[in-house]
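Reviewing the structure listed below.
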Amino acid sequence: MSEPKYVEILNELRTRSANLPIGARLSPERVLAEEFDVSVMTVRHSLAGLADEGWVKKAPGSGTYVSRPTVSMGPTLTSFTEDMHRRGFTPSSKVMRNENVTPDLETITILGLRPNEQAVLVERLRYADSEPMCYEVSLFPSHLSPALLGTDLSGSVHEALASHGTVPNSTQRIVRAVVAPDRECTLLELPQGSPALEIVDTFFDNLGRPMQHVRSRYRFDRYEVHTNISRVHHAGEARSSTN
């Protein structure tokens, strides 16, 4: 059974948008209607679906412009790779550094390192469908070096660690807005001086030992944090009130 015409057009425009730079202007609705031999209303229906998915944004009186879907980080412990797969993107990473380093005092304290113990530093640029999404710097205790040094970390670090019997069980997370340094703006293909969403995680294994401290800076226009929040009711506190 063939798909409805508006779905065929939506699929074609999704592919077209994915191959255009952010901010590119799509052809006017009337031109698209002539191209696909359908009514303007059918094209408008397809564009509405595309906008719901985040692939385009409509500017009244101006036109329809290419965008990218926003990726949401939920309240559960998931990796970048899992977040991207869940959203339908193909994740990849460019490893910029993977080596032993002498840790600073903050790293020693956070990871609970011994005196004179080195840490493993992994610096990566993370991609979604070949577009830069996140710049991250991770530090690990030296006992995890067999799982990291000399390993292909273009995929998931957590999968590499899991293959050596270490998996993250919990994390302490800080989320804040920062101004991205010039180098990171260049790597993330952002204008100089752009904001970034900074997420700092300290992951712990199932024994409660710190196993990774990672500072990630995400494109401000591509990532958001989604959290469910409820009120905590204390003993004796009324659960409802009226004014």
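So which residues in region 11-34 are in a helix (DSSP H, G or I), within 29 Å of Arg222 (Cβ to Cβ) and out of contact with any Leu (no Cβ under 8 Å at 6 or more places or on another chain), if there are any at all? First the steps, then the outcome.
The first filter runs over region 11-34 and keeps only residues in a helix (DSSP H, G or I), leaving 11-18, 29-34.
From the residues that got through so far, the ones that are within 29 Å of Arg222 (Cβ to Cβ) too are 11-18, 29, 31-32.
Answer for region 11-34, where residues must be in a helix (DSSP H, G or I), within 29 Å of Arg222 (Cβ to Cβ) and out of contact with any Leu (no Cβ under 8 Å at 6 or more places or on another chain): Asn11, Glu12, Thr15, Ala18, Val31.
Yes or no, residue by residue, for (1) modelled with pLDDT under 85; (2) in the same structural domain as Leu188 (by TED's automatic domain parsing); (3) surrounded by fewer than 17 Cβ atoms within 10 Å (Cβ to Cβ):
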| residue | (1), (2), (3) |
| --- | --- |
| Leu13 | no, no, no |
| Ala24 | no, no, yes |
| Ser27 | no, no, yes |
| Phe80 | yes, yes, no |
| Thr90 | yes, yes, yes |
| Arg97 | no, yes, yes |
| Gln118 | no, yes, yes |
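Quick test for you: out of Glu184, Glu224, Glu189, pick the one residue that is of a type in the set (D, E, K, R), at positive phi and touching a strand residue (DSSP E or B) at 6+ places or on another chain (Cβ under 6 Å).
On the way: Glu184 fails: at positive phi; Glu224 fails: at positive phi.
Glu189 is the lone residue from the list that is of a type in the set (D, E, K, R), at positive phi and touching a strand residue (DSSP E or B) at 6+ places or on another chain (Cβ under 6 Å).
For region 198-205, state whether one or more residues are under 24 Å from Ser92 (Cβ atoms) and in a loop (DSSP other than H, G, I, E, B). Before you say what the answer is, go through the steps one by one.
Step one: list which residues in region 198-205 are under 24 Å from Ser92 (Cβ atoms), which gives 198-201, 203.
Next, from what is left, pick out any that are in a loop (DSSP other than H, G, I, E, B): none.
No, the conditions are met nowhere in region 198-205.
Select, from Thr171, Thr151, Thr227, the only residue that is part of a loop (DSSP other than H, G, I, E, B), farther than 30 Å from Val66 by Cα and among the β-branched types (Val, Ile, Thr).
Details: Thr171 fails: part of a loop (DSSP other than H, G, I, E, B); Thr227 fails: farther than 30 Å from Val66 by Cα.
Result: Thr151 is the single residue among Thr171, Thr151, Thr227 that is part of a loop (DSSP other than H, G, I, E, B), farther than 30 Å from Val66 by Cα and among the β-branched types (Val, Ile, Thr).
Might you check whether a residue that is aliphatic (A, V, I, L, M), in contact with a Pro (Cβ under 6 Å, 6 or more places away or on another chain) and without any contact (Cβ under 8 Å) to a residue 24 or more places away in the chain occurs anywhere in region 99-118?
Checked against the condition, which is being aliphatic (A, V, I, L, M), in contact with a Pro (Cβ under 6 Å, 6 or more places away or on another chain) and without any contact (Cβ under 8 Å) to a residue 24 or more places away in the chain, region 99-118 yields no hits at all.
The values are calculated or read from the model by the stated rules, or taken from the named source; none is laboratory data. This one's a predicted model, so the numbers in the text were calculated from it and none came from an experiment. All Cβ positions, glycine included, derive from the backbone under ideal geometry; neighbour counts span all protein chains shown.
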